[in-house]
Amino acid sequence: MSEKELRFNSKVIHGGQKPDKAYGAVMPPIYQTSTYAQTSPGEHMGFEYSRSANPTRTALENALASIENGNFGLAFASGLAAMDAVIKLLEPGDEVISTNDLYGGSYRLFRQVFEKYGIKFHFVGMQEVSEIAALINSNTKLVWVETPTNPMMNIIDLKAVSELAKSNKILMAVDNTFATPYLQQPLDLGADIVMHSATKYLGGHSDVVVGALVVKDAALAEKLYFIQNASGAVCGPMDSFLVLRGIKTLHVRMQRHCENGKRIAEYLLAHPKIEKVYWPGFKNHPNHDVATKQMKAYGGMISFVPKGGNFKDAIAIVEKLKVFTLAESLGGVESLAGHPASMTHASIPKKEREKSGVVDSLIRLSVGIEDARDLISDLEQAIG
Ligand SMILES: *Cc1c(COP(=O)(O)O)cnc(C)c1O
């Protein structure tokens, strides 16, 4: 059976992996080395300097390519370093169309780092593809999509956007951090680049900061590899090992994240003190059909707004939580709660934030894989 034929739950364990050449180690050793002995100048065993390549990182990169149904994986020091490499494909004068309701750090990278190099960013609600089409001109080189969006859990139709991008010869990149390849595989739907903050579900244990890109096209991979090596924001061997280990249980963790997410979303929806719950699994979610079409399940990320709540009420709830930890980040085995307006999205101006629904009382949950009953009791005592 060729590796490409393996099903997803087998790929996470075996995809791109071979026992180590030296002693047959089943897990790749952590090659904690910067350089490699050469027998004669330029004669080596495929590795010469660890910024360019390191065997543990290569093992991770192969696994990433496999689980996203791509041909090439690239691992970076963080999710934002991976995004940084994608934007460096562009030239001054180029334009990018991006999802409006976007991870705060991505927004900051676009606006505060790359705009000053003459790259122009547009932010638009991508649920209607026509809104993207309206912004396309001859300078448009990249569409940057995040779905489900953060923190409003809007769903963007990847196939429809990729058809639009293809017909205009524009690259399409998808931040697949929230969904993971367990739930959706953007390259299969026509995207050119998949990006991950592997810090989140891929690593899965809140113990590492790593980023990733996966592509199918060899010429594009070559350009990204050049930037990865030339700019140097690579991830180290220890971090590569940790993410590789995380990936091996991605499918079982995701299954539980989704089950617990469903139970908690339904609990919140029925709660008399909760005004709104944002979760794509609800039948009346505005993009529920698209979610059902392109995702295997609806994930463990949920946002909600307490009834009549303001900034202080939201803070009071998150401070009372005991099983949920109040913290930045998401996607780990432990449940986390966050307050986007003062945490992840604080770098987005209030007016911009509220346009996409990120009001001061919004609370975001990353539902972990604990016993759902304990998570519900915890929310019960905090909401009151
Ligand atoms: C965390 C996150 C990022 C940034 O990744 P880092 O690993 O923190 O640099 C980008 N996009 C999304 C959706 C994220 O959640």
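The values are calculated or read from the model by the stated rules, or taken from the named source; none is laboratory data. All figures in this text were calculated on a predicted structure; none of them were measured in a lab. Ideal geometry is used to build each Cβ from the backbone, glycine not excepted, and the neighbour counts take in all protein chains shown.
At-a-glance table
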{"read-out": "Meets criteria (over 25 Å from His339 (Cβ atoms), of a type in the set (Lys, Arg) and in a helix (DSSP H, G or I)) for Arg111", "value": "no"}
{"read-out": "Extreme residue, nearest to Gly73 (Cα to Cα), among residues of segment 185-222 that are surrounded by fewer than 24 Cβ atoms within 10 Å (Cβ to Cβ), within 16 Å of the ligand (Cβ to nearest atom) and not aliphatic (A, V, I, L, M)", "value": "Lys200"}
{"read-out": "So Ser377, is it of a type in the set (Gly, Ala, Ser) and either in contact with a Ser or Thr (Cβ under 6 Å, 6 or more places away or on another chain) or farther than 22 Å from Met254 by Cβ (or both)", "value": "yes"}
{"read-out": "Whichever residue in segment 166-184 is farther than 20 Å from Leu365 by Cβ and assigned to a helix (DSSP H, G or I) and, among such residues, is farthest from the ligand (Cβ to nearest atom)", "value": "Ser167"}
{"read-out": "Ala198 vs. criteria among the small types (Gly, Ala, Ser), assigned by TED's automatic domain parsing to the domain that holds Ala85, on the phi < 0 side of the Ramachandran plot and within 9 Å of the chain's Cα centre (by Cα)", "value": "yes"}
{"read-out": "Residues of segment 314-355 satisfying the condition of being closer than 24 Å to Arg253 by Cα, of a type outside the set (A, V, I, L, M), away from the ligand (no atom under 15 Å from the Cβ) and surrounded by fewer than 22 Cβ atoms within 10 Å (Cβ to Cβ)", "value": "Lys322, Thr325, Glu334"}
{"read-out": "Among the candidates Gly357, Gly309, Gly331, residue that is under 25 Å from Glu259 (Cβ atoms), part of a loop (DSSP other than H, G, I, E, B) and not aromatic (Phe, Trp, Tyr)", "value": "Gly331"}
{"read-out": "Leading residue by the ranking (farthest from Ile274 (Cα to Cα)) among those in segment 336-354 that are without any contact (Cβ under 8 Å) to a residue 60 or more places away in the chain and part of a loop (DSSP other than H, G, I, E, B)", "value": "Pro349"}
{"read-out": "Subset of segment 66-96 [within 16 Å of the ligand (Cβ to nearest atom), not β-branched (Val, Ile, Thr) and not in a loop (DSSP other than H, G, I, E, B)]", "value": "Gly73, Leu74, Ala75, Phe76, Gly79, Leu80, Ala81, Ala82, Met83, Asp84, Ala85"}
